[in-house]
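K.L.:
There's a structure below that I have some questions on.
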Amino acid sequence: MQATAHPEPSPATPPLRYRGRTITDNDITFLRHLIAESPGCSRRKLSERVCDAWGWVQQNGTRCDMVCRSLMLLLHRAGHIELPPVRRQTLNNVVLKRRAAPAPADLDRSPIETSFADLGPLEWRQVRRTPDEGLFHSLLAEHHYLGSVRSVGEHLKFLVLAGGRPIACFAWSSPPHKLNPRDHFIGWSKAARDHNRHLIAYNPRFLIMPWVKVKHLASHLLGHMARVLPAEWQRVYGHKVCYLETFVDCERYPGTCYKAANWLVLGKTTGRGNNAPTYAQTKSIKEVLGYPLTRDFRKQLARLP
């Protein structure tokens with residue numbers, strides 16, 4: 001029987017990138033051969049084999065299955081590979097949950113205009129997987145310009161309350177894989193970054209409710225959050241974090257509260273996004289800010305096993 005010839009993929013210009021990995025012509029050739037040699041495999045089984053072949057695993061040792069499937073679908077749609085037909089349509093829980101339910105109609109939105117000293121004691125609630133998680137997403141969806149957030153990997157969600165009323169939301173998650181201003185500031189190697197990235201917490205959302213007008217509240221909350229977060233991360237995930245980071249869209253906001261809370265401006269993003277398949281700018285350029293939690297954060301982040 002004559003073997004079926006597989007045309008070699010044409011060079012990608014600009015280079016294809018996904019989750020910090022450059023997708024080479026050899027990678028595409030490997031995927032084509034794997035698909036051809038596995039006619040009975042589903043898309044999920046193929047992604048598992050690719051993860052095993054590439055050593056593509058998370059910190060806890062589980063395969064990066066969903067990431068791999070997303071990459072293969074991207075390559076399939078771009079015409080670089082041809083995946084087998086979809087065998088079963090499943091409900092996508094991420095899509096189903098993307099639209100947060102409206103905040104309760106009876107939520108007290110009356111103005112809070114006072115000094116910080118007169119605001120009273122604040123209550124901090126970590127609300128992930130609690131009955132308050134829905135309220136957290138509703139408030140972000142209603143009042144944050146980016147809407148709600150659906151994080152993957154390690155992540156925590158905090159509500160801050162005063163007198164039983166929500167006044168602020170914080171979302172924390174795993175950080176972007178590669179971020180040049182941060183990587184240069186830390187000075188770690190690629191191997192150290194791959195091994196220790198879980199010691200960084202990324203702040204994708206910070207919201208103070210629009211009805212709250214309290215001078216210096218934002219910088220105070222950021223300072224207290226930096227003291228609360230490491231212990232809570234330790235409780236939930238079994239390890240602390242030693243460094244915090246965030247982005248500020250400088251076309252919209254000056255980032256005054258972060259700077260007042262002693263966060264460091266490290267540089268600006270390229271506007272390509274974390275998962276951009278090419279080097280073209282696809283997003284607004286943002287300032288990168290960092291906040292070391294310990295004096296020896298560089299030592300902790302650069303440590304190799």
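The values are calculated or read from the model by the stated rules, or taken from the named source; none is laboratory data. Being a predicted model, the structure only gives us computed values, none of them experimental. Using ideal geometry, Cβ is built from the backbone for each residue, glycine included, and neighbour counts are taken over all protein chains shown.
K.L.:
Is region 65-86 home to any residue that is modelled with pLDDT of 90 or more, among the acidic types (Asp, Glu), over 30 Å from residue 143 (Cβ atoms) and surrounded by 11 or more Cβ atoms within 10 Å (Cβ to Cβ)?
P.N.:
Looking for residues that are modelled with pLDDT of 90 or more, among the acidic types (Asp, Glu), over 30 Å from residue 143 (Cβ atoms) and surrounded by 11 or more Cβ atoms within 10 Å (Cβ to Cβ), one finds at least one in region 65-86, hence yes.
K.L.:
Follow-up. Taking residue 13 as the residue in question, decide whether it is in a strand (DSSP E or B) and modelled with pLDDT under 90.
P.N.:
no
K.L.:
Let me ask something else. Quick one: would you say residue 6 is surrounded by fewer than 16 Cβ atoms within 10 Å (Cβ to Cβ), more than 27 Å from the chain's Cα centre (by Cα) and either modelled with pLDDT of 90 or more or assigned by TED's automatic domain parsing to the domain that holds residue 133 (or both)?
P.N.:
Working: surrounded by fewer than 16 Cβ atoms within 10 Å (Cβ to Cβ): yes; more than 27 Å from the chain's Cα centre (by Cα): yes; either modelled with pLDDT of 90 or more or assigned by TED's automatic domain parsing to the domain that holds residue 133 (or both): no.
So residue 6 fails the test.
K.L.:
I need a count of the residues in region 33-52 that are within 18 Å of residue 85 (Cβ to Cβ) and either outside any helix (DSSP H, G or I) or over 30 Å from the mean Cα position of the chain (by Cα) (or both).
P.N.:
9
K.L.:
Across region 110-123, what is the total count of residues that are within 30 Å of the chain's Cα centre (by Cα) and surrounded by fewer than 16 Cβ atoms within 10 Å (Cβ to Cβ)?
P.N.:
Start the filter on region 110-123 by keeping residues that are within 30 Å of the chain's Cα centre (by Cα), which leaves 122-123.
Then drop every residue that is not surrounded by fewer than 16 Cβ atoms within 10 Å (Cβ to Cβ), which leaves 123.
Count: 1.
K.L.:
Residues to consider are 268, 213, 299; find the one that is exposed (fewer than 15 other Cβ atoms within 10 Å of the Cβ) and farther than 28 Å from residue 127 by Cβ.
P.N.:
Values: 268 fails: exposed (fewer than 15 other Cβ atoms within 10 Å of the Cβ); 213 fails: farther than 28 Å from residue 127 by Cβ.
The match here is 299.
K.L.:
Something else: If you scan region 161-192, which residues turn out to be part of a strand (DSSP E or B) and either in contact with a Lys or Arg (Cβ under 8 Å, 6 or more places away or on another chain) or of a type in the set (Gly, Ala, Ser) (or both)? Show your work before the answer.
P.N.:
Within region 161-192, the subset part of a strand (DSSP E or B) is 161-162, 165-173.
Matches in region 161-192: 161, 162, 168, 169, 170, 171, 172, 173.
K.L.:
Among the listed residues 99, 129, identify the single one that is modelled with pLDDT under 95, charged (D, E, K, R), outside the structural domain of residue 30 (by TED's automatic domain parsing) and at positive phi. Even if it seems obvious, please write down each step before you answer.
P.N.:
Details: 99 fails: at positive phi.
Exactly one of 99, 129 is modelled with pLDDT under 95, charged (D, E, K, R), outside the structural domain of residue 30 (by TED's automatic domain parsing) and at positive phi, namely 129.
K.L.:
Also: From the list 107, 135, 146, which residue is under 16 Å from residue 164 (Cβ atoms), part of a loop (DSSP other than H, G, I, E, B) and at pLDDT 80 or above? It would help to see each step written out before you state the result.
P.N.:
On the way: 135 fails: part of a loop (DSSP other than H, G, I, E, B); 146 fails: under 16 Å from residue 164 (Cβ atoms).
The conditions single out 107.
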